[in-house]
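Below you'll find the structure, written out as structure tokens, and then a few comments.
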Amino acid sequence: MYGIGYQQADTAFRDIAGHWAKEDIEFAVNRGLLSGISATKFRPNTAMTRGMFATALGRLAHADVSGYTQSIQFAFRKLSLCNATS
């Protein structure tokens, strides 16, 4: 089980006002799991990429990523090529 620290902060994302997931977005952002694309934009209707999802999971697990030297896109591309040739 993982515990998530909580930092209550008002998000300045203008594009989540009135959005159905506003409270959930603020919950995840205030815990450091997600961030916006800028100080004032979150883009709540944009699809989450594999990289965004992996980042959120890594933050949740407090993963030490300092030893990683390759981008996650390279790793997924390499995995796709391996599967294509099998």
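A few notes on this one:
- Convex hull volume per residue for region 23-70, taking Cα atoms only, in Å³: 98 Å³
- Each label was represented as a point 7 Å from its Cα along the Cα-to-Cβ direction; for H19 and T49 these points are 1.7 nm apart.
Read-outs: derived from the displayed coordinates by stated rules, not from any lab. Not measured: the values here are computed from a predicted model. Here Cβ is always computed from backbone atoms with ideal geometry, including for glycine, and neighbour counts include all displayed protein chains.
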